[in-house]
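Quick notes on the structure that follows.
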Amino acid sequence: MSTALAMGYLGARSRQQEESIYNLIPTIPPTEAKPPRYKSKFAETVRYDLRTNKTNAKTMGPAKVQLAKPKEFLAKHSKDKIIPEGKSQFSYPDAGSRKPAVPKHTDKPAIMGVKSNKNFITTNAVENIMSIPKKAEKKYADTKIGATHQLEPSGLTPKYRNKKDFGKTPQYLEMRKKEIEHAQIEYDAYIRERFRQGAMQQLSEGERQSIIDGLKTNWEELHHQYQGLSVVTDTAPKKARKESLEAQMKQLERDIETMEKHKVIYIAS
């Protein structure tokens, strides 16, 4: 017997042994016992408060309302206000203290006092002719529809030109100028004193130019070395070399700028 046949025979044998008549009876799965229902410990306190604080018909009115009789229905004009006898004509309570009514255009007022022969039309014409015309207000328009505003408080009028100190140097600038002049005098005195003591000497124009040329030559040599570096700085030594050359070139540029900016240079001996 081969191995495959032997395995099949054993599988069929095991299935035959598992078959039983008791397996044909349906079994009812056991029901899970539910936990007891949650009950708050404040339930009795809430019920007691509800019973003691409850007010019958607190917001909705009494439970029983006496209904109107069927014959007492609401009729038309039954709610109208009835004016008592003798008060059919309305009158204001302050009628006695009111001013008299405005006269009509057909009424002719009575002549009171002295009648004047003055010609008011001619008088008004002469006064207007002899009067000084009023100056027009200065305004400006700031919208396309022509909205105008007063020009005086807008800040567009150059009032500063009318000030007493217009065109004069401010006082704080004068004080600063004097302080700078005083500091320059003290510095010149200090330099003369150091020269007299022999502690300082001034660089000549040739020496200053020679130093500038030397600094430029050093910068060109560093720049030539910088141009010969590798384009790719993929290692730490290459990167350090590049950063070192850049720092030295920047320092030389600052030194050259300082020497060219100052024409007079003193050296402490």
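Given the residues K178, K163, which is the only one that is out of contact with any Pro (no Cβ under 6 Å at 6 or more places or on another chain), surrounded by 10 or more Cβ atoms within 10 Å (Cβ to Cβ) and among the charged types (D, E, K, R)?
Sole residue among the options that is out of contact with any Pro (no Cβ under 6 Å at 6 or more places or on another chain), surrounded by 10 or more Cβ atoms within 10 Å (Cβ to Cβ) and among the charged types (D, E, K, R): K178.
State all residues of the range 115-152 that are in contact (Cβ under 8 Å) with a residue 12 or more places away in the chain and loosely packed, with under 10 Cβ neighbours inside 10 Å; if no residue qualifies, say none. Within the range 115-152, E137 is the sole residue that qualifies. Taking the criterion of being part of a helix (DSSP H, G or I) and open to solvent by less than 100 Å² (accessible area, probe 1.4 Å), the residues of the range 186-209 that qualify are D188, A189, I191, E193, R194, F195, G206, E207, R208, Q209.
Scanning the range 28-70 for residues that are modelled with pLDDT under 90 and of a type in the set (D, E) yields E32, D49.
Selection of first residues in the range 169-198 that are at negative phi and of second residues that are open to solvent by 100 Å² or more (accessible area, probe 1.4 Å), restricted to Cβ pairs under 8 Å at least 6 apart or on distinct chains, gives the following pairs, ordered by first then second residue: F195/Q201. Please give the number of the condition T258 fails out of (1) over 51 Å from the mean Cα position of the chain (by Cα); (2) open to solvent by less than 100 Å² (accessible area, probe 1.4 Å); (3) of a type in the set (S, T, Y). Here T258 clears every test but (1).
Among the conditions (1) in a loop (DSSP other than H, G, I, E, B); (2) within 49 Å of the chain's Cα centre (by Cα); (3) not charged (D, E, K, R), the only one that A183 does not satisfy is (1).
Kindly indicate whether Y172 is open to solvent by 100 Å² or more (accessible area, probe 1.4 Å), at pLDDT 90 or above, hydroxyl-bearing (S, T, Y) and in a helix (DSSP H, G or I).
On the way: open to solvent by 100 Å² or more (accessible area, probe 1.4 Å): yes; at pLDDT 90 or above: yes; hydroxyl-bearing (S, T, Y): yes; in a helix (DSSP H, G or I): yes.
Yes.
Pairs meeting the criteria (first residue in the range 236-247 and in the same structural domain as Y226 (by the TED database), second residue surrounded by fewer than 11 Cβ atoms within 10 Å (Cβ to Cβ) and not small (G, A, S), beta carbons under 9 Å, at least 6 apart or on different chains) are K238/V232. Quick check on the range 153-162. Is at least one of its residues under 24 Å from H262 (Cβ atoms) and either under 52 Å from the mean Cα position of the chain (by Cα) or in a loop (DSSP other than H, G, I, E, B) (or both)? Within the range 153-162, none of the residues are under 24 Å from H262 (Cβ atoms) and either under 52 Å from the mean Cα position of the chain (by Cα) or in a loop (DSSP other than H, G, I, E, B) (or both).
Would you mind stating whether I212 is surrounded by 13 or more Cβ atoms within 10 Å (Cβ to Cβ) and touching a residue at least 60 places away in the same chain (Cβ under 8 Å)?
Values: surrounded by 13 or more Cβ atoms within 10 Å (Cβ to Cβ): yes; touching a residue at least 60 places away in the same chain (Cβ under 8 Å): no.
No, not satisfied.
Return yes when T217 is open to solvent by 60 Å² or more (accessible area, probe 1.4 Å), part of a helix (DSSP H, G or I) and either under 27 Å from F195 (Cβ atoms) or touching a residue at least 40 places away in the same chain (Cβ under 8 Å) (or both) and no when it is not. Judged against the criteria, T217 is not a match. Quick test of your reading of the structure: I25 fulfils all but one of (1) surrounded by 10 or more Cβ atoms within 10 Å (Cβ to Cβ); (2) at pLDDT 75 or above. Name the failing condition by number. Tallying (1) surrounded by 10 or more Cβ atoms within 10 Å (Cβ to Cβ); (2) at pLDDT 75 or above, I25 fails exactly one: (1).
The values are calculated or read from the model by the stated rules, or taken from the named source; none is laboratory data. Keep in mind it's a predicted model, so treat the numbers as computed, not measured. Methodologically, a virtual Cβ is constructed for each residue, glycine included, from the backbone with ideal geometry; neighbour enumeration extends over all protein chains shown. We work out accessible area using only protein heavy atoms, side chains counted, and drop any ligands, DNA or RNA first. Shrake-Rupley method; radii C 1.70, N 1.55, O 1.52, S 1.80 Å.
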